[in-house]
Amino acid sequence: MATSPCSSSGVSSSSSSGLGADAGLEIRTRSVEQTLVPLVSQITTLINHKDKPKRSDKTLQAIQRVGQAVNLAVGRFVTVGEAIANENHELKEEMSVACIEARRAGETIAKLTDVASLDHPESDSHITIFTDKTGVVKAARLLLSSVTKVLVLADRIVIKQIITSRNKVLATMEQLEKVSSFQEFVQIFSQFGNEMVEFAHLTGDRQNDLKDEKKKARMAASRAVLEKCTMMLLTASKTCLRHPDCESARINKDGVFHRMRLALEQVIEIVTDSRPNGENEMAPISIYSGIKEFKNKVEGLRENLYFLSKENLSTMLEVILEHTEDFTDSAYTSHEHREHILELSKQAKMELEQLVSVWMQAQNQKTKDIMEDLEVAILKTCQCMNELKREVHSAATSLAADLLKYHMDHMVLKALKITGVEGNLEAVAEYTCKLSEQKEQLVEMCRLLRHVSGTEPLEITCIHAEDTFQVTGPQIISAAETLALHPSSKIAKENLDVFCEAWESQLSDMSMLLREINDVFEGRRGEKRVYLSLPRPGKHNANLKALKPVKLDTEEQAKIAKLGLELHLLTSDLDSETEKWEDQENEVVQHGQGMSSMAYSMYLFTRGEGLLKTTQDLFHQAEIFAAEGTKLASALHALSDQVHDDNKPLVLLEAEKLTSMCKQLQITAKASVQGKSATFSKVDACILKTRNVMTLLCQLLPLCYKLLRKNKAGNGCLKPAPPWREDKIRTGTNAHTPERRNETFGIKSLENHVTNMTFLESK
């Protein structure tokens, strides 16, 4: 029997229904998958009724209503599918066949469920859902198969739009490469900018809709390259036009065009799920993923002693230990970390030898003592691997933290700008050597972080960061050389500034990446965002009415980006403060961490990322943030009652200030506004007030920590803080309740007609 398209896409259906569909239809996007969920639910409801011995009038009426609802919804769905087919002639034939099949299946289900008016629905004289089990299953299977086919065909239109948009961008890029006058360049670049905006919107929707997290991360990396390279292309091209005989300017420009073409190609590979020349994508291999797989195999011995060979297990460990050489051979790994990694590698080999010995004995003789020895060997081997994982994580993240702190002053970049304007070629050469050294350090840091990133999307982000440093370093050097050769050139200076900003931006992104890697290691922030998109024929949405939450456009997003970055830095500072506290269960720490996490979500909103999709989500999060701040103020009052210090009045004063600021934020977040301008002003105010609260917390928590330390030294331990975890879970999820999350989904013509079928429940 063919497999259900839903089950192959992660959409489950009742096993008793026996539903199946075209196994060749692979669903790659969430919007197609989620659109099928209510249809599967309704059909499963219908089929499950047939096995019940007693059928009341209420049950029969419910069955008939569900059958009619399915048929009507399919009819509307097919109408939209046919409209899409008429607008896309290359898919018209396939789409029409799928629509006819869907309509036929819907009508069959309606006939089979027409039972409410019958005295004896089981009568053989009238074929119904109760007498023709096979017919119902066949109709259901056909309906699912045809609806899935319509959705997948509609999804091809999105892919076609992206490819067409990419082709337009490439064609305009070729024109930009060949221009010889500023006037011509300005005209063509204006067209190029519009085409890039269209491409960004199409690929952004696609990125968020992809089911595969790895592909989503690759798409994000490619789009980030295109975004940054657009400004680079502008200044590099202008510099080349101003200084046509300058070799370093030409090299600089060619590098940008080459990188943009590679990024455009990768986007198309992702959306079409293809590789050039039929190559297979090489998945990055990391120590984390190796250890995870190794431990799974070892722990599997508890269930089955024969499912793998000892050679297989030994080979897996060898591969892991080979990768640890990236750490032990690195010039940037500390002596202490290197020694620990070598010791743990040696211990891992010994533990595996012991495990294999007991394992072989257990295969021959399953006595209680031997099985207990095997359990001990499994535990010791896994513990050793956990310690190795912890050690390489510590080595990579401590190196990253040190390097990012050391290079955050951007002294080399500043020196290149100064010496370039002075026309000092010798000094520029000296600082380009220093930048090359810095680049090698950062590239090595990215390679080591990839091993401990913990998830495939973060691994891909590390690879993207490594590539960015590799490429941007030489581009800065060529831009600096151009400026040194033409020190009075304003455009050459502007060009160097743009490339330096890209370097600084990547360093800033690395700080966030390091935080995310640590979050994964510590088991925090495992949320997945959900976003749905399907093609919508413009003229066929006239009758679809719904309230749409306001979304910020690109210009407004840019206005709050700076404010968001300040918020991001404050969350990092606050996290650093809370990590100092020995008692991580302290109520002050817990509330502080919760507020930091919420502020971080608001920062992601300013970047167009994260779980907060609309302004309404942001305002709701601000309300919860303010409520958490009020609880923190109460905790501060409780803390002050337990200590005796000259700074106690200051804590109380700051707590009162915190309460006042949180009340003001709540008022702002709850205020009703209408119109796009007013909404944006409210967004700006909410983020600004959140930033002010975070600034106060960054001053307040160190003071509380100092008070606690003093009190502990003088008076022993404080009273234990009340339990907070349940409250934390509750406040952390309030912003993402189903009601609120549903507001963020835009109305899609195909989705609408199927999801409207959920108004009946199984009796």
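The values are calculated or read from the model by the stated rules, or taken from the named source; none is laboratory data. Model, not experiment: these values are computed from the prediction. Using ideal geometry, Cβ is built from the backbone for each residue, glycine included, and neighbour counts are taken over all protein chains shown. In case anyone asks, the SASA skips ligands and DNA or RNA and just uses the protein heavy atoms, side chains included. Shrake-Rupley method; radii C 1.70, N 1.55, O 1.52, S 1.80 Å.
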* Structure fact -> At R0 = 22 Å the Cβ-Cβ FRET efficiency linking His335 and Ala401, nearest 0.05, sits at 0.80
* Asked: What is the gain in length, in nm to one decimal, between Lys160 and Leu342 on full extension, counting 0.36 nm per residue of separation less the C-alpha to C-alpha distance?
  -> 60.3 nm
* Asked: How much accessible surface area, in Å² rounded to 10, belongs to the heavy atoms of Asp583 with a 1.4 Å probe?
  -> 70 Å²
* **Protein accessible area in the stretch 287-399, 1.4 Å probe - carbon and sulfur %** => 46 percent
* Report ³J(HN,Hα) in whole Hz for each residue of the stretch 680-689, in order, from the Karplus equation J = 6.51 cos²θ - 1.76 cosθ + 1.60 where θ = phi - 60°; Gly and Pro get x. => 4, 4, 5, 4, 4, 5, 4, 5, 4, 5
* **Residue pairs, from the table Lys138/Lys215; Lys292/Lys366; Lys580/Lys648; Lys439/Lys562, whose Cα atoms sit over 24 Å apart** => Lys138/Lys215; Lys292/Lys366; Lys439/Lys562
* Structure fact -> Sorting Arg30, Arg242 on solvent-accessible surface, 1.4 Å probe, most exposed first, gives Arg242, Arg30
* Asked: Roughly speaking, what is the centre-to-centre gap between the stretch 377-417 and the stretch 177-220 when only Cα atoms are used, to the nearest Å?
  -> 34 Å
* the stretch 651-712 - accessible surface per residue (Å², probe 1.4 Å) -> 48 Å²
* For the stretch 154-161, Karplus couplings with θ = phi - 60° (6.51, -1.76, 1.60), whole Hz, Gly/Pro x -> 4, 5, 4, 5, 4, 4, 4, 4
* Run the quick spin-label model on Asp684 and Lys648: label points 7 Å from Cα toward the beta carbon, then report their separation in nm to one decimal. => 4.5 nm
* To do: Order Arg141, Arg450, Arg259, most accessible first, counting only protein heavy atoms with a 1.4 angstrom probe.
  => Arg141, Arg450, Arg259
* Structure fact -> Karplus ³J(HN,Hα) for the stretch 139-149 (6.51 cos²θ - 1.76 cosθ + 1.60, θ = phi - 60°; Hz, whole; x = Gly/Pro) runs 5, 5, 5, 5, 4, 4, 4, 6, 5, 4, 5
* Under a point-charge model restricted to the Cβ atoms of Lys and Arg (+1) and Asp and Glu (-1), what is the dipole moment magnitude of the stretch 350-411 relative to its Cα centre, in debye to the nearest 20? -> 140 debye
* Given 0.36 nm per residue, what is the gain on full extension from Lys380 to Ser505 after removing their alpha carbon distance, in nm? -> 40.6 nm
* Asked: Excluding ligands and nucleic acids, what accessible area in Å² is computed for Lys216 using a 1.4 Å probe, to the nearest 10?
  -> 10 Å²
* Structure fact -> Between the residues Gln383, Leu321, Ala348, the Cα farthest towards the positive end of the dipole of the stretch 287-399, that dipole coming from +1 and -1 charges on the beta-carbon of Lys, Arg, Asp and Glu, is from Gln383
* So how much accessible area does Met371 have, in Å² to the nearest 10, using a 1.4 Å probe? -> 60 Å²
* the stretch 316-460 - convex hull of the alpha-carbon atoms, volume per residue in Å³ -> 120 Å³
* Cα shape, the stretch 287-399, gyration tensor, a/c 1.5 rule -> prolate
* Would you calculate the separation in nanometres between label points at Asp497 and Gln674, each defined as 7 Å from the Cα along the Cα-to-beta-carbon direction? => 4.3 nm
* If r is the Cβ-Cβ distance from Asp273 to Glu93 and R0 is 35 Å, what FRET efficiency results, to the nearest 0.05? -> 0.90
* Using R₀ = 30 Å, calculate the FRET efficiency as 1/(1 + (r/R₀)^6) where r is the Cβ-Cβ separation of Gln363 and Glu387; round to 0.05. => 0.60
* Quick one: ranking Ile159, Ile251, Ile378 by accessible area, 1.4 Å probe, largest first, what do you get? -> Ile251, Ile159, Ile378
